[in-house]
Structure formats: C-alpha cells, structure tokens
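Chemist: Dropping a structure here in structure tokens format, bear with me for questions.
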Amino acid sequence: MEIEETQKKGKLAKTILTVIAVGILVAGFFGYQKYQEVFGPSVPSNLTDTFVEIPTNSSFEEVVSILQAKNLIKKESAFKWVADYMKYPRSSMRSGRFEIQPGWSNYDLIRHLRGGKQSPVDLVFNHAWTVKDVAGKVAQFIEPDSTAIAALLTDKEYIKELGYDEKDIMTLFIPNTYEFFWNTSPQDFMKRMVKENKAFWEKNGRLAKAKKIGLSPKETYTLASIVERETRQNDEKQRVAGVYYNRLNKKGWKLEADPTVKFATGDFGLRRILNKHLAIDSPYNTYKYPGLPPGPISMASISSIDAVLNVEDHKYMFFCARGDGSGYHNFARTLAQHNANAAKYRRNMRASGAW
C-alpha cells in the first residue's frame, strides 16, 4: 500500500510540474507576444514615404486610418492596445506633420506622435499675380486650404487692422523660403508674414533707401512689381527701374508700362499688348493714368525690390526688348532712338518666326 501511495504521489508531482512547465511556456509565449506588440518592429524597414500628416481635430480612429493607409501599422488591435496603455487617444488628437523612422515599434511611433515634435515644411514663395494666387501657393505647403487663406486675405476689416487694403495687401509678401509647421492656421501665417515684412524692410537700410528716393515701402514694392514683369535679367533691373523712376519724376510723363495693362485686362497670359488694351479704363492702366498704379500688379522678388531701392542714375526714358532671345532690352533717351530700337525688335521677332 505504501509503495502504491508513493507511486501515486510521484505521478501527481510530475503532473503538477508538467502543468507548471506548460503554464510557464504559455505565459512566456503570450508575454513574448505582448512584448513584440509593444517593442517589436511595426513600421516597415523599407519605408519610402517617411512623413505622415495628421489634420487638426482628428479623432483617434481617424489617426489609426491615416497610419494604416500609410502602412505604418502592422496589426491594428496591437497598435490600439499599446495606444490605450500609453494613454495616447484623446478627444482631439495632436495634429501636425511628423517624420517616421523605418523599423519603429508601436511604442516608438506612439511616443513620437504623442510628443508632438513636428517636422517643419519649407514654404516657398515665388511669382504670383494676385493674392488668390498666393493663397493657392501657400495651400500647397500647409494644412489650410486656399479658400480659407484667400478669405482672410480678402477680408477688408482684417487686413485693415494689419495696415493694408485690398489694393496693397500684396506688398505684405516678400518672396522667399520660410519654415512653417504644416498645421499653421491662416491667422498665424499672416502674423508671420507681418513679422517677416517688417524684418525685411529694417534690414540692409531698405527703409532709409526708400525714403531717399522719395517712395514708401508700399510704393517701392509696387514699382518693383512692374520691374519684375518687365525683365527676368537681374543685372538690368536697376536700369529698368531707372527708366520708370525718371518718368515718375518728369512732369507730364506717364509710366506707360505694358505689364500694368496686362494686369488691367485680367488676362495674365496675354502675350501682346494691342491698341484696344491701351484704351482700357482702369487705374492700373499706366498708359491712361499718370503715376504708380494703386497697388502692385504682382508679387515682386527681392532682387526687383532692391533694384528699385538702388535705382540706376541715368537719363534713359525708354526701353524696348531686343527680340533676339537674350531677354535683354535696348535703352534710349529720345523717342527717335526708341523708335529705332522698336524697329529692330520687330525685325528680330519676324526673323525668329515669333511673329
């Protein structure tokens, strides 16, 4: 009996040890599985698009959908479990543009998104005819759409508070590359532009130079916008500016700038200015009205603004494109000289087949 009892105890002990061993293995398996869900690779190691944008006021479910669409989540249930554990979900998720590293775990991904360290964008300003064009360009880089930005740029009361009106608001924008966070609001974008504009005019003695030539910063910008549309050759912009400056300061002379007529037509793709265009009754038609137009006809580059501020001192009153494909102009002091240059231009255009 004692031997039989001993055998039974031995079998029971083995069974208990086996159960314990199995339990340990099972617990270890599930423990390892959970560890992998938290700290194992989730983001693909061959990730090519490393940026993700989370819109303002996104819900947690919307963020999950965005991450899934970008192939940043290996297993949705595992991501949600880790997110809940790390207290990532909230009523309005942190928005922005975030750079993701290949091979990150759910823990790494959530910690980065929750921390809110954004990757900025380089917002590039270049040529534009109208503020709506500006809005469209800006919307390519930051979250707000062009409609929201344009609405602010055309809000008379708002821009009046900034010191502008609908005719001169374009003078606010200095073409350059600016670093922004992707989720910048239209209002914050405008505040930044006001700050950058002020810094621009205070730099390199620009305010003093404008005063010296008898123009305000807005007037300088307006003239620069005409120079901008007359020539793409930076090394002749000061000379072109000099012609218009001479005309502004000579009694009885009008600017007679073709780009202002193009602006007045509203047809910015217009290639030739005809007599019918010169008759358009618009304050922007400098063939019809003396002085500067009421505001810029386009965005003006820094090189054009500085060309006006450092206007070349000369006696030229006319200029005409050479028509030889160089992009340069011939300058003249008298109408007779100008007519001769215009004749050369027409001959060159016909010879090239452009006409």
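The values are calculated or read from the model by the stated rules, or taken from the named source; none is laboratory data. On a predicted model such as this, the values are computed, not experimentally measured, just so you know. So basically every Cβ, Gly included, is an ideal-geometry build from the backbone, and we count neighbours across all protein chains shown.
Chemist: Among the candidates MET299, MET349, single out the residue that is surrounded by 14 or more Cβ atoms within 10 Å (Cβ to Cβ) and either of a type in the set (Gly, Ala, Ser) or part of a helix (DSSP H, G or I) (or both).
Modeler: Result: MET349 is the single residue among MET299, MET349 that is surrounded by 14 or more Cβ atoms within 10 Å (Cβ to Cβ) and either of a type in the set (Gly, Ala, Ser) or part of a helix (DSSP H, G or I) (or both).
Chemist: Does the stretch 91-100 hold any residues that are surrounded by fewer than 17 Cβ atoms within 10 Å (Cβ to Cβ) and either assigned to a strand (DSSP E or B) or modelled with pLDDT of 95 or more (or both), and which are they?
Modeler: Answer for the stretch 91-100, where residues must be surrounded by fewer than 17 Cβ atoms within 10 Å (Cβ to Cβ) and either assigned to a strand (DSSP E or B) or modelled with pLDDT of 95 or more (or both): just GLU99.
Chemist: Among residues belonging to the stretch 42-52 that are under 23 Å from LYS87 (Cβ atoms) and not polar (S, T, N, Q), point out the one that is modelled with the lowest pLDDT.
Modeler: Here the answer is VAL43.
Chemist: Here's another thing I want to ask about it. In contact with a Gly (Cβ under 9 Å, 6 or more places away or on another chain), in a loop (DSSP other than H, G, I, E, B), surrounded by fewer than 22 Cβ atoms within 10 Å (Cβ to Cβ) and not aliphatic (A, V, I, L, M) - does that describe any residue in the stretch 263-277?
Modeler: No, the stretch 263-277 has no match at all.
Chemist: Checking ASP165 against (1) crowded, with 20+ Cβ neighbours inside 10 Å; (2) in a loop (DSSP other than H, G, I, E, B), which test does it fail?
Modeler: (1)
Chemist: Would you call THR222 hydroxyl-bearing (Ser, Thr, Tyr) and farther than 17 Å from ASN126 by Cβ?
Modeler: Considered against the rule, which asks whether it is hydroxyl-bearing (Ser, Thr, Tyr) and farther than 17 Å from ASN126 by Cβ, THR222 comes out as yes.
Chemist: If we scan the stretch 106-115, do we find a residue that is in contact with a Pro (Cβ under 8 Å, 6 or more places away or on another chain) and either among the hydroxyl-bearing types (Ser, Thr, Tyr) or within 30 Å of PHE268 (Cβ to Cβ) (or both)?
Modeler: Within the stretch 106-115, not a single residue is in contact with a Pro (Cβ under 8 Å, 6 or more places away or on another chain) and either among the hydroxyl-bearing types (Ser, Thr, Tyr) or within 30 Å of PHE268 (Cβ to Cβ) (or both).
Chemist: Does VAL311 count as part of a loop (DSSP other than H, G, I, E, B) and buried (at least 21 other Cβ atoms within 10 Å of the Cβ)?
Modeler: yes
Chemist: What are the residue pairs meeting all of these: first residue in the stretch 121-137, first residue in contact (Cβ under 8 Å) with a residue 40 or more places away in the chain, second residue crowded, with 19+ Cβ neighbours inside 10 Å and among the polar types (S, T, N, Q), Cβ atoms under 7 Å, and 6 or more apart or on different chains?
Modeler: Within 7 Å, the pairs are HIS127/SER298; ALA128/SER298; TRP129/SER298.
Chemist: Ok, one more. Consider ASN183 carefully, then state whether it is part of a loop (DSSP other than H, G, I, E, B) and at pLDDT 95 or above.
Modeler: Yes: the conditions hold for ASN183.
Chemist: Also, quick follow-up: In this structure, does LYS195 turn out to be loosely packed, with under 15 Cβ neighbours inside 10 Å and either in contact (Cβ under 8 Å) with a residue 40 or more places away in the chain or under 26 Å from GLN140 (Cα atoms) (or both)?
Modeler: For LYS195, the condition - loosely packed, with under 15 Cβ neighbours inside 10 Å and either in contact (Cβ under 8 Å) with a residue 40 or more places away in the chain or under 26 Å from GLN140 (Cα atoms) (or both) - is met.
Chemist: Of LYS254, LYS237, which residue is touching a Pro at 6+ places or on another chain (Cβ under 9 Å), touching a residue at least 24 places away in the same chain (Cβ under 8 Å) and under 28 Å from TYR328 (Cβ atoms)?
Modeler: The unique qualifying residue is LYS254.
Chemist: Of the residues in the stretch 141-156, how many are in a helix (DSSP H, G or I) and either farther than 19 Å from TYR178 by Cβ or among the basic types (Lys, Arg) (or both)?
Modeler: 3
Chemist: So, one more: Looking at TRP129 and the list (1) outside the structural domain of THR286 (by TED's automatic domain parsing); (2) of a type in the set (Phe, Trp, Tyr); (3) under 26 Å from ASP258 (Cα atoms); (4) part of a helix (DSSP H, G or I), which single condition is not satisfied?
Modeler: For TRP129, the failing item is (4).
Chemist: Could you tell me which residue of the stretch 318-355 is modelled with the lowest pLDDT, considering only residues that are in contact with a helix residue (DSSP H, G or I) (Cβ under 7 Å, 6 or more places away or on another chain) and more than 19 Å from ARG229 (Cα to Cα)?
Modeler: Taking the candidates together, the pick is TRP355.
Chemist: A further question follows. Does TYR107 satisfy the criteria of being in contact (Cβ under 8 Å) with a residue 60 or more places away in the chain and either over 19 Å from the mean Cα position of the chain (by Cα) or assigned to a loop (DSSP other than H, G, I, E, B) (or both)?
Modeler: Yes: the conditions hold for TYR107.
Chemist: Mind checking which pairs have a first residue in the stretch 330-345 that is assigned to a helix (DSSP H, G or I) and a second that is of a type in the set (Asp, Glu), Cβ under 9 Å, 6 or more apart or different chains?
Modeler: As it stands, the answer is LYS344/ASP324; TYR345/ASP324, since those pairs meet every condition given.
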